[in-house]
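A.B. asks: Sharing a structure here in structure tokens format.
The values are calculated or read from the model by the stated rules, or taken from the named source; none is laboratory data. This one's a predicted model, so the numbers in the text were calculated from it and none came from an experiment. Ideal geometry is used to build each Cβ from the backbone, glycine not excepted, and the neighbour counts take in all protein chains shown.
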Amino acid sequence: MQIPIYQIDAFANEVFRGNPAAVCPLDRWLDDAHLQAIAAENNLAETAYFVLEGDAYRLRWFTPQQEIDLCGHATLASAYVVFRYLKPETKSVTFNSQSGPLYVTREGDLLCMDFPARAPVACSVSETLAAGLGKPPREVLFSRDYLAIYDSEDEVRALQPNFEALRTLDRLGVIVTAPGRTADFVSRFFAPGAGVPEDPVTGSAHCTLTPYWARRLDKTRMRAFQVSARGGELFCELHGNRVLISGRCVRYMEGTIYM
């Protein structure tokens, strides 16, 4: 069996920036064990697979250790593959997923994702979370992930997490965020329990970050930057119970998996 594979740097203007995702278009689904084995072999934050179903695609995402319910950068990368290789004449694509239908439109070199909003609610700061982050946050909220609030971009950049401590938390990951110096807000994302100690740029985290910062800044359109080592720029907009998350993609590699 031969499977096409593309490695795309998402939320990036050039290679070696943003978040790399592997994308594998399939004619039919493989069994889950093989999907997970390929993701582990790729050893990227996510490997995305999709299969055409009618006018849309069924999309799934795997970290090196498990399947997850929503991934932004690998959705952006999957849309890039559809627009560049599979349906270059189309301007929009629909992906059906565990998190419902996801829509991506092409607007010049920007790809705009329409995702569900995941507004966070307040919770207490556990000792494990505070110890895992190294510096206690000013406030903690949660949705799918914990959302830890800091006062400055410098604090977010300086964090040196204890990944073994964060691995034991009861959420998929931890988003840390603060006001940005040049962007509206900055963030980082840690998910060691899913095999991703630090994710370079996390689209799904902005399903939570966007409604939080929209309420705090009293604005619906924002520019965000994820301040990981690779870094990535995102344009976010709150639309009721949906968020629009836009970014660019760059092709890094294409090839074939032999099984």
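Here is a yes/no grid of residues against (1) of a type outside the set (Val, Ile, Thr); (2) over 19 Å from the mean Cα position of the chain (by Cα); (3) at pLDDT 95 or above:
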position: VAL156; (1), (2), (3): no, no, yes
position: THR177; (1), (2), (3): no, no, yes
position: VAL186; (1), (2), (3): no, no, yes
position: ALA194; (1), (2), (3): yes, no, no
position: ALA205; (1), (2), (3): yes, no, yes
position: MET222; (1), (2), (3): yes, no, yes
position: ALA229; (1), (2), (3): yes, no, yes
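A.B. asks: Turning to a different aspect of this structure: Is it the case that ALA158 is among the aliphatic types (A, V, I, L, M) and surrounded by fewer than 17 Cβ atoms within 10 Å (Cβ to Cβ)?
C.D. replies: It is true that ALA158 is among the aliphatic types (A, V, I, L, M) and surrounded by fewer than 17 Cβ atoms within 10 Å (Cβ to Cβ).
A.B. asks: Within the set of pairs 6 or more residues apart or between chains, which connect a residue that is on the phi < 0 side of the Ramachandran plot inside region 4-15 to a residue that is outside any strand (DSSP E or B) and surrounded by fewer than 18 Cβ atoms within 10 Å (Cβ to Cβ) with Cβ atoms less than 6 Å apart?
C.D. replies: Sorted first by the residue in region 4-15, then by its partner, the pairs are ASP9/VAL15.
A.B. asks: Inside region 100-127, can you point out the residues that are assigned to a loop (DSSP other than H, G, I, E, B) and touching a strand residue (DSSP E or B) at 6+ places or on another chain (Cβ under 6 Å)?
C.D. replies: Listed by number, the residues that qualify are ALA117, PRO120, VAL125.
A.B. asks: For region 37-79, which positions are part of a helix (DSSP H, G or I), surrounded by fewer than 22 Cβ atoms within 10 Å (Cβ to Cβ) and not hydrophobic (A, V, I, L, M, F, W, C)?
C.D. replies: Within region 37-79, GLU41, ASN42 meet the criteria.
A.B. asks: Related question: Select from region 16-45 the residues that are in contact (Cβ under 8 Å) with a residue 60 or more places away in the chain and either farther than 20 Å from GLU198 by Cβ or among the charged types (D, E, K, R) (or both) and list them in ascending order.
C.D. replies: ARG17, CYS24, PRO25, HIS34, ILE38
A.B. asks: Another one. Looking at (1) exposed (fewer than 14 other Cβ atoms within 10 Å of the Cβ); (2) in contact (Cβ under 8 Å) with a residue 24 or more places away in the chain; (3) assigned by TED's automatic domain parsing to the domain that holds GLU53; (4) over 19 Å from the mean Cα position of the chain (by Cα), which is the only condition ARG84 fails?
C.D. replies: Condition not satisfied by ARG84: (1).
A.B. asks: Hey, another quick one. Would you say SER124 is more than 20 Å from the chain's Cα centre (by Cα), of a type in the set (Ser, Thr, Tyr) and at pLDDT below 95?
C.D. replies: Here the answer is yes, as SER124 does meet what is asked.
Residue-wise test of (1) within 23 Å of SER124 (Cβ to Cβ); (2) part of a loop (DSSP other than H, G, I, E, B); (3) aromatic (Phe, Trp, Tyr).
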{"site": "ASP170", "(1), (2), (3)": "yes, yes, no"}
{"site": "VAL176", "(1), (2), (3)": "yes, no, no"}
{"site": "VAL201", "(1), (2), (3)": "no, yes, no"}
{"site": "PRO211", "(1), (2), (3)": "yes, no, no"}
{"site": "LYS219", "(1), (2), (3)": "no, yes, no"}
{"site": "PHE225", "(1), (2), (3)": "no, no, yes"}
{"site": "CYS236", "(1), (2), (3)": "no, no, no"}
{"site": "VAL243", "(1), (2), (3)": "no, no, no"}
{"site": "MET253", "(1), (2), (3)": "no, no, no"}
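A.B. asks: Could you grab me the full set of residues in region 98-113 that are under 17 Å from ARG58 (Cβ atoms) and surrounded by fewer than 19 Cβ atoms within 10 Å (Cβ to Cβ)?
C.D. replies: If the condition is that a residue be under 17 Å from ARG58 (Cβ atoms) and surrounded by fewer than 19 Cβ atoms within 10 Å (Cβ to Cβ), then GLN98, GLY100, PRO101, TYR103 are the ones that fit.
A.B. asks: Search region 187-219 for residues being aromatic (Phe, Trp, Tyr) and touching a strand residue (DSSP E or B) at 6+ places or on another chain (Cβ under 6 Å), and hand back the single one that is surrounded by the fewest Cβ atoms within 10 Å (Cβ to Cβ).
C.D. replies: The extreme case among them is TRP213.
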